[in-house]
Amino acid sequence: MPRNPVVRRRALFTTLVVVSLLLLTVFFREPATGVLHTVQQGGLGALSPLQSLASRAVQPFEDGWRWIGQALEANDNNQEMRVQLEELRGQLVALQEASQENERLKGLLDMRQAGIFPQDAAFVVARVIGKSPTKWQQWVQIDKGSAEGIVLNQPVVGATIPVAGSLSGKGLVGKVIAVAAHASQVQLVIDPGSSVAAVVQGIRAGGFVEGTVAGGLLMDYVERDKPVEEKLVVVTSGFGQIFPKGIPIGLVQTVGEVDVNIYKQIEVRPFVDFSSLEEVMVLTSPVQFGAGVEAMDSVIPRDTGATAP
Amino acid sequence: MTALAPRLLSIFKLGLLIVAAVAIQTALISRLRILGVTADVFLILVVLVGVSRGAVTGMVFGFVAGLTADIVFLDPVGLRTLVYLAAGFAVGRYVEEFGLASAWVIVLVTAVVSLASQTIYGLFQFATGPEGALFAMMRSQMLPAAVFDGLLAAPLYLGLVRLRVLPPPGASEPSFR
């Protein structure tokens, strides 16, 4: 045995390492019935009662600990599921939006195919991106401009889903009053400064549909001898070279006559719900103006059960 | 005879410590999982003995504790023996050489030794067993277990000092204050 403690320590360390490696070697080389394996199995057998006893003693604490863990996990799961719920809600909203947009766009095709608007008319579908901040002016901004072929004074119509032959949402919206490269401003027909030449369908009563400060439509200059009744359809007459003939505007809501006035004043309920405009169509190609509305009379039945928005 | 008695007593205490480690590890600690890992009481005790009693006692204690752990945990006999032996020796030598500025270093040393020993253990398993995700284990098992071991070392050390199994920290010895 060396006297130098350092040498002795190193010798002891080396010896123990060698013994360890020997044990490892023997363990891997011996069969399962070998000495070391047998010792292990004996140790397992000796410890099993202790483990069994400990298991029973510790069980309540273990249960308590597990309960805490599960409670924490449940809390985490709850939070995670809340996040997932919010994500799914967001996705649902996005899907609903996409579905509605799809329906709207499909509706546009249906309108052209159904002949509600002139067959030769070309549309640019635009999304409403801004609205007038006050009711003193009634306009909207759309996301299409000169780059998409939009020019001043082009007529704009609604792009709402057609429902069972109803004209709701498919009427005249207004005209383009300002154009930028990728945006335009559309004056709504309900703007107090708007005036559209129109006729009451069927009875050929002409006049002008004007916007009111209240956000409604008033048809003026209709001769008093014309038998205007409620629920008749008012369409554009095509006079004025801006709006092509036959675009539906709304339904006659009330007919007013004042003794001192030689014209009737007709309140028109628009087909378009201007408070929820999302998409519109700008008529970009040259369309037929003037020359009466007989052609459209055959397209738009007088008593279609058309409903206002 | 008078010089031999304290030494025998000390050996007896360390022997009891191993028996206690078996009981505590199998009955309690193995059932206590934090972040999915359990602490290794054997390794912690090896570190504490190495810190308190030096390299020689540390490595002998590591050898016996490792051998016991191999038998108890049904590991290849000699594997933990070798790892704990090296750990006890390394920690003892470190303390003999540099001392301990603070008892909190025990926590750090335990964590480092735990990480090192698990790495060796993991490499061995990687070499002899089926291919395991060593780096994944590093993140999910080794690091949390090292932290756990380090944190458990402090109360164990204080408890063993109070029970007079390990020498109490003197003026020049590590203190948790």
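Test A:THR38 against the criterion of being polar (S, T, N, Q), surrounded by 11 or more Cβ atoms within 10 Å (Cβ to Cβ) and within 11 Å of chain B (Cβ to nearest Cβ), and give yes or no. Can you show your working first?
On the way: polar (S, T, N, Q): yes; surrounded by 11 or more Cβ atoms within 10 Å (Cβ to Cβ): yes; within 11 Å of chain B (Cβ to nearest Cβ): yes.
It is true that A:THR38 is polar (S, T, N, Q), surrounded by 11 or more Cβ atoms within 10 Å (Cβ to Cβ) and within 11 Å of chain B (Cβ to nearest Cβ).
If I filter the range B:79-87 for residues that are closer than 20 Å to A:VAL17 by Cα, within 12 Å of another protein chain (Cβ to nearest Cβ), buried (at least 22 other Cβ atoms within 10 Å of the Cβ) and of a type in the set (D, E, K, R), do I get at least one hit? Yes, some residue in the range B:79-87 is closer than 20 Å to A:VAL17 by Cα, within 12 Å of another protein chain (Cβ to nearest Cβ), buried (at least 22 other Cβ atoms within 10 Å of the Cβ) and of a type in the set (D, E, K, R). Of everything listed in (1) assigned to a helix (DSSP H, G or I); (2) at positive phi, the single unmet condition for B:VAL60 is (2).
Return yes when A:LEU95 is among the aliphatic types (A, V, I, L, M), away from chain B (no Cβ under 11 Å), part of a helix (DSSP H, G or I) and farther than 30 Å from B:LEU32 by Cα and no when it is not. Answer is yes for this residue. Would a scan of the range B:91-111 turn up a residue that is within 12 Å of chain A (Cβ to nearest Cβ), modelled with pLDDT of 90 or more, surrounded by fewer than 24 Cβ atoms within 10 Å (Cβ to Cβ) and in contact with a helix residue (DSSP H, G or I) (Cβ under 7 Å, 6 or more places away or on another chain)? There is at least one residue in the range B:91-111 that is within 12 Å of chain A (Cβ to nearest Cβ), modelled with pLDDT of 90 or more, surrounded by fewer than 24 Cβ atoms within 10 Å (Cβ to Cβ) and in contact with a helix residue (DSSP H, G or I) (Cβ under 7 Å, 6 or more places away or on another chain).
Please verify whether B:PRO6 is of a type outside the set (A, V, I, L, M), more than 12 Å from the chain's Cα centre (by Cα), within 8 Å of chain A (Cβ to nearest Cβ) and surrounded by fewer than 24 Cβ atoms within 10 Å (Cβ to Cβ), treating the condition exactly as stated. So B:PRO6 fails the test. Evaluating B:GLU96 against the criteria (1) touching a Ser or Thr at 6+ places or on another chain (Cβ under 7 Å); (2) farther than 20 Å from B:ALA146 by Cβ; (3) in contact (Cβ under 8 Å) with a residue 24 or more places away in the chain; (4) of a type in the set (Asp, Glu) leaves one unmet condition, (1). Taking the criterion of being within 15 Å of B:ILE71 (Cα to Cα) and either exposed (fewer than 11 other Cβ atoms within 10 Å of the Cβ) or at the interface with chain B (Cβ under 7 Å from one of its Cβ atoms) (or both), the residues of the range A:13-27 that qualify are A:SER20, A:LEU23, A:LEU24, A:PHE27. Being modelled with pLDDT of 75 or more and surrounded by 14 or more Cβ atoms within 10 Å (Cβ to Cβ) holds for only one residue in A:VAL124, A:VAL151, and it is A:VAL124. Counting only residues that are surrounded by fewer than 20 Cβ atoms within 10 Å (Cβ to Cβ) and away from chain A (no Cβ under 12 Å), the range B:39-71 holds 1 of them. Against the conditions (1) over 29 Å from B:ILE24 (Cα atoms); (2) within 11 Å of chain B (Cβ to nearest Cβ), A:TRP65 satisfies every one except (1).
Residue by residue, here is whether (1) of a type in the set (Asp, Glu); (2) in a helix (DSSP H, G or I); (3) over 24 Å from B:GLN141 (Cβ atoms) holds:
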position	(1), (2), (3)
B:LEU9	no, yes, yes
B:GLY15	no, yes, yes
B:LEU48	no, yes, no
B:VAL56	no, yes, yes
B:GLY66	no, yes, no
B:ASP70	yes, yes, no
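Could you list, in sequence order, the residues of the range A:231-243 that are modelled with pLDDT of 85 or more, of a type outside the set (A, V, I, L, M) and in a loop (DSSP other than H, G, I, E, B)? If you could, list the steps in order and put the result at the bottom.
The initial filter retains those residues of the range A:231-243 that are modelled with pLDDT of 85 or more, namely A:232-237, A:243.
If we keep only those that are of a type outside the set (A, V, I, L, M) as well, we get A:236-237, A:243.
Of everything in the range A:231-243, those that are modelled with pLDDT of 85 or more, of a type outside the set (A, V, I, L, M) and in a loop (DSSP other than H, G, I, E, B) turn out to be A:SER237, A:PHE243.
The values are calculated or read from the model by the stated rules, or taken from the named source; none is laboratory data. Because the structure is predicted, anything quoted here is derived from the model rather than measured. No Cβ is skipped: glycine too gets one built from the backbone with ideal geometry, and neighbour counts run over all protein chains shown.
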